[in-house]
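J.: If you scroll down you'll find the structure; I have some questions about it.
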Amino acid sequence: MGAYEEVYRSSVDDPESFWLRAAEAIDWHVAPRTALDDSNPPFYRWFPDGELNVCHNALDRHVAAGRGDATALIYDSPVTGSKRTYTYAQLRDEVATFAGVLTGLGVQRGDRVVIYMPMVPEAAVAMLACARIGAIHSVVFGGFAPKELAVRIDDAAPKVVVSASCGIEVTRVIEYKPLLDQAIEMAQHKPERVVVLQRPQATAQLGERDVDWATAAAEATPADCVPMKATDPLYILYTSGTTGKPKGVVRDGGGYAVALAWSMSNVYDIRAGETMFTASDVGWVVGHSYIVYGPLLAGAATVLYEGKPVGTPDAGQFWRVVQEHGVKTLFTAPTAFRAIKKEDPDGEYTRKYDLSSLKYLFLAGERLDPETYRWASDLLGIPVIDHWWQTETGWPIVANPAGIELLPLKAGSPTVPLPGWDVQVLDINGRPVEPGTDGAIVVKLPMPPGALPTLWNDDERFVSSYMKAFQGYYLTGDGGRIDEDGYVYVMGRTDDVINVAGHRLSTGGMEEVLASHPDVAECAVIGVSDPLKGQIPRGFVVLKAGVQRDHAELAAELVQMVRDQIGAVASLKEIDVVPALPKTRSGKILRKTMRGIADGLDEPVPSTIESVEVLEALRPILRKEKTG
Ligand code: COA
Ligand code: AMP
């Protein structure tokens, strides 16, 4: 038996012992004696009798162990031309001070704090400060528009919002404060206070509710770590579901800390003193787990990079960061590599830098296409590891466990289930399929520590979204197969979720925006393949009877509505006005068929179709063929 197989076996044969052993990597106020409370399925609770503070584990314990001078966080910002390194002691102090700011504003354990910030160290400081005092943070990605932010503010009902005056995109400075003010205006729930980090690129006007970060920090009394139950929520992270209402994924502190600590050494092969560079954003789960919490729990150094893979200013920035900070493991989304490949197809920039420290490239967030895999692999000459997971799971489900054993790669597969994840493929009737056969990818319950215990204030939606389709299994929403050797292949979502440049978005949410236009009778948004972003949305609208509109003008209006209501990240740029949408006889729009045709596949015409003519009329539009 290989090393991986042995570890995996022990995790399924006796999960409770496996995870109690893994829990020894964490510093507990009260060490757990029980691994799992499974008395109320599908609501499982890991380490129900444990108590810890996640911030203590990420910062204070390393300082106490004499590693206060070790590097904790490296802020590297080509868009502002600044770099700053924080040792563990310095980061602990900053976090304790900001925790004092929050307590001074009345934030107590269990209160929510929404964080709407660009990629600045203060975003991580705010997250850790919440963890320190037992407040629950909810980070909202800066690319979301005020309406999306408002929906999250209403759901999380934060006492305080923490923000910055601006973020910096490739071509423009984005003022956050007016967006935040609009969001609060729209929301029913009004936070008591807003803390604003002023940045020199655009300072914000502060009103009565607002508090200047620097002034408040100068006056604050540092706050200490508060012991929390392992099952207490550490954060809420909203993610796109099938409708416009995002799902508030809850993360408990104890299970998450244990799972992340385990994954750092066993998956990413990162240990104390080594450097991990996760090029994502703190607004996504990848940023929560592997920019902030994971590396710090491991006592490693994490790079917080404010910039893009290209254009800030060039396609060599990832390589510069690797050289300057001695990065061992780089983690990003395939789209970032496609962007680099487009700008620098021969990898000229890699030759300008010393990349000898770089041992692994991990990719996730969307399907890794074989061409990008080969290009990255040939260019870097190191293992390029595709791995599959979701906001809900908090850490990888399927990966090549580099820290245990590097298994042979199979193109198109993120390799094998990690310990704790009993991954299976079921057919439509919930029966296991033969190896190599496609079906719904599910995880047999209970899931390991770190996975979501529920949705914020919505146990019912938790059950209906994930637990109802197949009794005893978590529905991942992805389709795919497992081959004879146990390798998992993830083929894509089976619902209305798409991944655009690694950003998870809801086509259902975009449809809600289009449908709200007074001239639109009905609409469909589908995700189609895109050579750079993996997928992009395309919209199709049918006009209300009697409406005479210039199609291009209407399309432009609709594009703007989506930018205004969801955000620029939605990347919905193409909308066609069509006479009708193809439907089944029961009235369901044939989105999957439309997607297949748009992607150039040989899509069979479903037998349940209401009118073949409607689909045939749409075919050239989907294929973008010129019509008469
Ligand atoms: N704040 C405000 N606006 C943002 C934003 C943020 N944090 N992030 C993106 N946007 C805007 C962009 O400026 C762009 O606006 P535009 O339409 O006016 O040009 C729009 O949202 C779309 O952004 P994006 O899809 O990121 O496209 P891009 O052309 O700016 O960059 C890539 C393309 C591939 C370089 C970029 O998506 C990338 O680096 N991806 C890395 C993957 C990643 O971080 N994934 C997260 C999960 S791992
Ligand atoms: P998110 O919740 O934003 O992390 O997005 C999760 C979704 O991204 C998954 O359900 C998949 O559809 C997709 N995804 C993530 N990683 C991979 C991968 N390695 N291969 C294929 N799809 C992936």
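The values are calculated or read from the model by the stated rules, or taken from the named source; none is laboratory data. Since this is a predicted model, take the numbers as computed values, not measurements. Cβ: placed from backbone, ideal geometry, glycine included. Neighbour counts: every protein chain shown. Ligands, DNA and RNA are excluded from the accessible area calculation, which covers all protein heavy atoms including side chains. Shrake-Rupley method; radii C 1.70, N 1.55, O 1.52, S 1.80 Å.
J.: Please compute the length gained on full extension between ALA469 and GLU522, using 0.36 nm multiplied by the number of residues separating them and subtracting their Cα-Cα distance.
T.: On the way: separation 53, 0.36 × 53 = 19.08 nm, distance 2.81 nm.
This chain segment gains 16.3 nm when fully extended.
J.: I would also like to ask the following. Sorted by packing (mean other beta-carbon atoms within 10 Å per residue), highest first, where do 132-139, 594-601, 264-271, 519-526 land? Walk me through the numbers before you get to the answer.
T.: Values: 132-139: 25.9, 594-601: 18.0, 264-271: 23.0, 519-526: 21.1.
Going from most to least packed, we get 132-139, 264-271, 519-526, 594-601.
J.: Please work out the Cα center distance from segment 543-578 to segment 216-267, rounded to the nearest Å.
T.: 37 Å
J.: A further question on this structure: Just to confirm a number: summing +1 for Lys and Arg and -1 for Asp and Glu over residues other than TRP375 whose beta-carbon lies under 9 angstrom from that of TRP375, what do you get?
T.: Working: positive: ARG338, LYS341, ARG374; negative: GLU371, ASP378.
Computed value for this residue: +1.
J.: Let me know the charge dipole size of segment 36-185 about its Cα centre in debye, to the nearest 20, where only the beta-carbon of Lys, Arg (+1) and Asp, Glu (-1) is charged. Before the final figure, lay out the partial values.
T.: Details: 14 positive and 18 negative charges, 56 e Å.
In debye, rounded to 20, segment 36-185 gives about 260.
J.: Beta carbons within 10 angstrom, averaged per residue: use that to sort the peptides 71-77, 311-317, 184-190, highest first.
T.: Values: 71-77: 21.7, 311-317: 18.1, 184-190: 14.0.
Top of the packing list down: 71-77, 311-317, 184-190.
J.: Further question: State the answer as a single residue: which of TYR44, ILE397, MET127 lies farthest towards the positive end of the charge dipole of the chain, with beta carbon charges of +1 for Lys and Arg and -1 for Asp and Glu, about the Cα centre.
T.: Checking the options against the dipole of the chain, the answer is MET127.
J.: Loop-only check: which chymotrypsin sites (Phe, Trp or Tyr not before Pro) in segment 387-440 are DSSP coil with at most 10 other Cβ within 10 angstrom? Please list the in-between numbers first.
T.: On the way: sites: TRP388, TRP389, TRP421; in loops: TRP389, TRP421.
Listed in order of number, the matching sites amount to none.
J.: Round to a whole number: what % of the accessible area of segment 439-537 belongs to carbon and sulfur, probe 1.4 Å?
T.: Numbers: 1700 of 3490 Å².
On segment 439-537, the fraction of accessible area on carbon and sulfur atoms equals 49 percent.
J.: Which value at 222 nm does the chain reach when only helices count, each DSSP H run of 4 or more adding -39,500 (n - 2.57), with the total divided by all residues and rounded to the nearest 500 deg cm²/dmol? Write out the running numbers ahead of the final one.
T.: Numbers: 17 runs with 173 residues, N = 628.
Roughly -8000 deg cm²/dmol at 222 nm, from the helical runs in the chain.
J.: Label ASP602 and SER17 with points 7 Å out from Cα along Cα→Cβ: what is the distance between them in nm?
T.: Between ASP602 and SER17, the label points sit 5.3 nm apart.
J.: Quote the FRET efficiency, to the nearest 0.05, computed for THR34 versus ASP483 with a Förster distance R0 of 45 Å and r equal to the Cβ-Cβ distance. Intermediate results must be reported in sequence, preceding the final value.
T.: Numbers: r = 37 Å, r/R0 = 0.82.
That gives a FRET efficiency of 0.75.
J.: How much FRET efficiency would the formula 1/(1 + (r/R0)^6) give for MET1 and LYS444, where r is the Cβ-Cβ distance and R0 is 22 Å, rounded to 0.05? Can you show the working numbers first?
T.: Values: r = 22 Å, r/R0 = 0.98.
It comes out at approximately 0.55.
J.: Now for a different question. Report the label-to-label distance for GLU24 and GLN108 in nanometres (one decimal), using points 7 Å from each Cα along the Cα→Cβ vector.
T.: Using points 7 Å along Cα→Cβ, the separation is 3.9 nm.
J.: With a 10 Å radius around each residue's Cβ, average the other Cβ atoms per peptide and rank 583-592, 25-34, highest first. Numbers along the way, then the final one.
T.: On the way: 583-592: 13.9, 25-34: 16.5.
Taking the mean over residues of other Cβ atoms within 10 Å, the ranking is 25-34, 583-592.
J.: How much of the DSSP bridge set in segment 116-213 is antiparallel, in percent, rounded to the nearest 5? Present the calculation step by step, with values, prior to reporting the outcome.
T.: Details: 4 of 13 bridges.
In segment 116-213, DSSP labels about 30 percent of beta bridges as antiparallel.
J.: Which residues among segment 158-198 fall inside the zone where the amide N is under 11 Å from a point 7 Å beyond the Cα of ASP564, along Cα→Cβ?
T.: Hits in segment 158-198 for ASP564 at 11 Å: none.
J.: Taking 25 Å as R0, compute the FRET efficiency from the Cβ-Cβ separation of ALA218 and ASP69 and round it to 0.05. It would help to have the intermediate numbers written out before the result.
T.: Values: r = 25 Å, r/R0 = 0.99.
Once rounded, the FRET efficiency stands at 0.50.
J.: Then there's this: Want the number for VAL547 to ASP378: 0.36 nm per residue separation, take away the alpha-carbon distance, what's left?
T.: 55.4 nm
J.: Ignoring any ligand, DNA or RNA, what whole percent of the accessible area of segment 1-77 comes from carbon and sulfur when the probe is 1.4 angstrom?
T.: Values: 1630 of 3610 Å².
Answer for segment 1-77: carbon and sulfur cover 45 percent of the accessible area.
J.: Taking all pairs of distinct Cα atoms, average 1/r, flip it, and tell me the Kirkwood hydrodynamic radius of segment 92-226 in Å to one decimal place. Provide the component values of the computation, followed by the final result.
T.: On the way: mean 1/r = 0.0689 Å⁻¹.
Result for segment 92-226 stands at 14.5 Å.
J.: Here is a further query. If you roll a 1.4 angstrom probe over the protein chains with everything in place, what fraction of the accessible area of segment 92-226 belongs to carbon and sulfur, to the nearest %?
T.: On the way: 2280 of 4900 Å².
Roughly 46 percent of what the probe reaches on segment 92-226 is carbon or sulfur.
J.: Pop a pseudo-label 7 angstrom from the Cα along the beta-carbon direction at both LYS342 and ASP354 and give the gap in nm to one decimal.
T.: Distance between label points: 3.3 nm.
J.: If the only charges are +1 at each Lys and Arg Cβ and -1 at each Asp and Glu Cβ, what is the size of the charge dipole of the chain around the Cα centre, to the nearest 20 debye?
T.: Working: 61 positive and 82 negative charges, 106 e Å.
For this selection, approximately 500 debye.
J.: Could you work out the local net charge near LYS359, counting Lys and Arg as +1, Asp and Glu as -1, over the other residues with Cβ closer than 10 Å to its Cβ?
T.: -1
J.: Which whole-number value in Å² is the accessible area per residue of the chain, probe 1.4 Å? Present the calculation step by step, with values, prior to reporting the outcome.
T.: Values: 23940 Å² over 628 residues.
Per residue, the chain has 38 Å² of solvent-accessible surface.
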